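All remarks here apply to the structure that follows.
Any read-out appearing in this document is the output of simple, stated calculations on the displayed coordinates, not a laboratory observation. Computed from a predicted structure; not experimentally measured. Every residue, glycine as well, gets a Cβ built from its backbone with ideal geometry; the counts of neighbours run over all protein chains shown.
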Amino acid sequence: MTSPPNIAAQTADFEFAALREAANYRAALVRDFGPYLRGNVLEVGAGIGQITAALTHLPQIQRLVSVEPDAGFCAQLRKRMPQHELVQGTIQDLKEDAHWDAILSINVLEHIELDEEELAAYHRLLYPAAGALCLFVPARPEIYAEIDGDFGHFRRYTQPELRRRLQSAGFQIVQCHYFNFLGYFAWWLSFCVLKKRSFDAAAVRLFDRAIFPCVHAFESRICRPPFGQSLQVVAVARPGSSFHADPCADPNCG
């Protein structure tokens, strides 16, 4: 039986309204990726600029350019950050002679049907400078729910699968690990068991303020989880870069 369409998903603010409450979550991503974001940085899929605003405070970034295909999101971002360098479109709309030291892609790759071609394009853009790809995607296909489809997700990834795709595109993996162990169970309960089709802003705020900081501190400082809600990756486009592997990340765990 086909599920009825999610009317809420037809609004431009479907995903972002509740995720505004995830301030600690966003800060953790920027902090984790921060050491690899330097020089000329390209943000792929900026949305309405929730991550973009935090990136502008990183002093090691000399130039930040954001790419976003949705006209409505671009309008909101331009209103919020009128001086920011924004390209409405995809990476295919960038100038071919652009020079990038890093690419940041947060919750974007799962929206792209031909994801291997997208990764190959990232590699081409980063290769001249031996740049770093900072990639964050939804994980574990067993918790793919109707709300994933509402978001336009083609898939959720496993660690071995994502590693293979990155290596096939020419990347050398610095780190690839699961992220947000407890979030896996929260997603499974809310969207797979209870079949919810939208976020609860109050629940997001509670998790972000009371639970996530402790979870992330344990995962990043003590032990990477065996699975999680998302996958966090840093990969470089050319061997011999100055980036070193994360000692907490086990490349062989699945």
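Extension gain, Arg124 to Ala27: 0.36 nm times the residue separation minus the Cα-Cα distance gives 32.1 nm.
Bridgeable lysines around Lys95 (alpha carbons under 30 Å apart, same-chain partners fewer than 8 residues away excluded): Lys79.
Starting with the fewest neighbours, write out Arg78, Arg163 ranked by other beta-carbon atoms found within 10 Å of each beta-carbon. Don't skip to the end; give the middle numbers.
Values: Arg78 15, Arg163 20.
Listing Arg78, Arg163 from fewest to most nearby Cβ atoms yields Arg78, Arg163.
How long is the gain from Glu116 to Glu142 if the chain were fully straight, where each residue apart is worth 0.36 nm and the alpha carbon distance is subtracted?
So the chain would gain 7.2 nm between Glu116 and Glu142.
As a proxy for reagent exposure, ranking Trp188, Trp100 by other Cβ atoms within 10 Å from fewest up yields Trp188, Trp100.
At full extension, Ala98 and Gln83 could sit 3.4 nm farther apart than now, given 0.36 nm per residue minus the alpha carbon distance.
Each residue in Lys95, Lys79 was given a count of other beta-carbon atoms within 10 angstrom of its own, and listing them fewest first yields Lys95, Lys79.
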